[in-house]
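To start, the structure under review is shown below, and the notes come after it.
The values are calculated or read from the model by the stated rules, or taken from the named source; none is laboratory data. If you're wondering where the values come from, they're calculated on a predicted model, not measured in any experiment. Here the Cβ positions follow ideal geometry from the backbone for every residue, glycine too, while neighbour counts run over all protein chains shown. Remember, those area values only see protein heavy atoms, side chains included, never the ligands or the DNA or RNA. Shrake-Rupley method; radii C 1.70, N 1.55, O 1.52, S 1.80 Å.
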Amino acid sequence: MMLDNKVAVITGGAQGIGRATCERFVRDGASVVIADVADEAGAKLAEALGDKAVFVHTDVTDADSASGAMQAAIDHFGGLDIVVNNAGITRDATLKKMTGDQFDAVINVNLKGVYLCTQAAVPHLEARGGGAILNAASVVAHNGNFGQTNYVATKAGVIGMTKTWARELGRKGIRVNAVAPGFIATEMVLTVPEKVLDGLRGKTPLGTLGQPDDIAAAYAFLASDDAAFITGTCLNVDGGLVL
Ligand code: NAD
């Protein structure tokens with residue numbers, strides 16, 4: 001029970017990696033606020049997880065909505081210890097074809113959303129005497145990726161914000177870390193053609209795509225007291241892909 005009696009807000013918690021993280025955190029003893037725009041999937045997951053989970057409709061691009069998700073942790077579970085900034089989208093196109101709308105949409109969710117949720121969470125974490133913030137980066141932040149100008153910019157930005165907040169918030173007992181998944185078998189990735197997926201498996205030393213549980217395990221570790229002296233880092237969970 002690595003997370004016994006902890007309270008977490010998990011953005012984008014209704015499906016994929018976020019869903020696996022909600023399930024893992026509850027198994028490890030935490031209570032979770034599932035903060036997502038996907039009402040049906042979020043409510044269904046909360047029902048399946050029982051008393052230790054609540055779904056709150058949350059759009060991370062909206063400051064009031066982000067604050068509402070953090071407040072829900074206080075109202076339902078009496079405090080806030082952990083935020084997992086997991087919500088993310090893609091709108092892929094090569095540089096020549098990318099529209100301003102595609103660029104802005106990804107910046108708003110993946111970068112501004114992380115900023116808004118963290119800003120809303122920090123006073124609650126301080127009130128608790130400390131906590132852990134976990135941000136979803138990606139291995140593409142290190143190496144770039146064809147057709148992902150907008151997405152790569154956000155993930156590199158998330159790593160920069162992680163380091164900045166680790167410096168700003170360390171003295172308050174708040175640790176801030178990022179996880180950079182490789183290619184994980186979620187809806188985001190399974191829309192990629194099978195031929196491309198085969199190529200990705202071929203480039204991965206461990207020879208497979210990752211599973212959402214692999215990322216959830218990294219979040220659980222970094223959120224737990226076992227990681228008490230880890231802050232400002234970005235942990236690659238990628239089967240060796242970036243090698
Ligand atoms: P996913 O598409 O399966 O799930 C994303 C979730 O975010 C969905 O439930 C969606 O409803 C929610 N969401 C979207 N916009 C939102 C908003 N404005 N407010 C609140 N919630 C919103 O994605 P995933 O594959 O599980 O990825 C989760 C995170 O991990 C993302 O940040 C993604 O960039 C990152 N990541 C994923 C992979 C991968 O291979 N799947 C690799 C690297 C990084």
State whether the residues of the stretch 181-200 include one that is open to solvent by 20 Å² or more (accessible area, probe 1.4 Å) and at pLDDT 95 or above.
no
Scan the stretch 23-54 residue by residue and report those that are open to solvent by 70 Å² or more (accessible area, probe 1.4 Å), within 10 Å of the ligand (Cβ to nearest atom) and charged (D, E, K, R).
39
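For residue 90, state whether it is open to solvent by 20 Å² or more (accessible area, probe 1.4 Å), farther than 19 Å from residue 132 by Cβ and in contact (Cβ under 8 Å) with a residue 60 or more places away in the chain.
yes
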Report yes if residue 132 is more than 10 Å from the ligand (Cβ to nearest atom), in a helix (DSSP H, G or I) and surrounded by 20 or more Cβ atoms within 10 Å (Cβ to Cβ), otherwise no.
no
Considering 115, 151, which residue is in a helix (DSSP H, G or I), in contact with an Asp or Glu (Cβ under 9 Å, 6 or more places away or on another chain) and modelled with pLDDT of 95 or more?
151
Kindly indicate the residue of the stretch 1-22 that is open to solvent by less than 10 Å² (accessible area, probe 1.4 Å) and among the β-branched types (Val, Ile, Thr) and also farthest from the ligand (Cβ to nearest atom) among those meeting that condition.
7
Any idea which of (1) under 21 Å from residue 32 (Cα atoms); (2) open to solvent by 40 Å² or more (accessible area, probe 1.4 Å); (3) under 12 Å from the mean Cα position of the chain (by Cα) is the one residue 119 doesn't satisfy?
(3)
Quick one: in the stretch 157-180, of everything that is of a type in the set (Lys, Arg) and open to solvent by 80 Å² or more (accessible area, probe 1.4 Å), which residue is farthest from the ligand (Cβ to nearest atom)?
171
List every residue pair whose Cβ atoms lie under 8 Å apart, where the two residues are 6 or more positions apart in sequence or sit on different chains, the first residue falls within the stretch 16-43 and is farther than 12 Å from residue 58 by Cα and polar (S, T, N, Q), and the second residue, located anywhere, is near the ligand (Cβ under 9 Å from one of its atoms) and open to solvent by 10 Å² or more (accessible area, probe 1.4 Å).
21/86; 21/212
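Determine, yes or no, whether residue 61 is open to solvent by less than 70 Å² (accessible area, probe 1.4 Å) and touching a Gly at 6+ places or on another chain (Cβ under 7 Å).
yes
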Any idea which of (1) within 12 Å of the ligand (Cβ to nearest atom); (2) buried (at least 18 other Cβ atoms within 10 Å of the Cβ); (3) not aliphatic (A, V, I, L, M) is the one residue 213 doesn't satisfy?
(2)
Based on this model, can you work out whether residue 154 counts as within 15 Å of the ligand (Cβ to nearest atom) and under 27 Å from residue 205 (Cα atoms)?
yes
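Each row is one residue, and each column tells you yes or no for (1) over 14 Å from the mean Cα position of the chain (by Cα); (2) in contact (Cβ under 8 Å) with a residue 60 or more places away in the chain.
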residue: 162; (1), (2): no, yes
residue: 166; (1), (2): yes, yes
residue: 175; (1), (2): yes, no
residue: 186; (1), (2): no, yes
residue: 200; (1), (2): yes, no
residue: 204; (1), (2): yes, no
residue: 212; (1), (2): no, yes
residue: 218; (1), (2): no, no
Restricting attention to the stretch 57-95, report how many residues are more than 10 Å from the ligand (Cβ to nearest atom) and closer than 23 Å to residue 123 by Cβ.
18
Residue count, the stretch 160-209, condition within 21 Å of residue 15 (Cα to Cα) and out of contact with any helix residue (DSSP H, G or I) (no Cβ under 9 Å at 6 or more places or on another chain), comes to 2
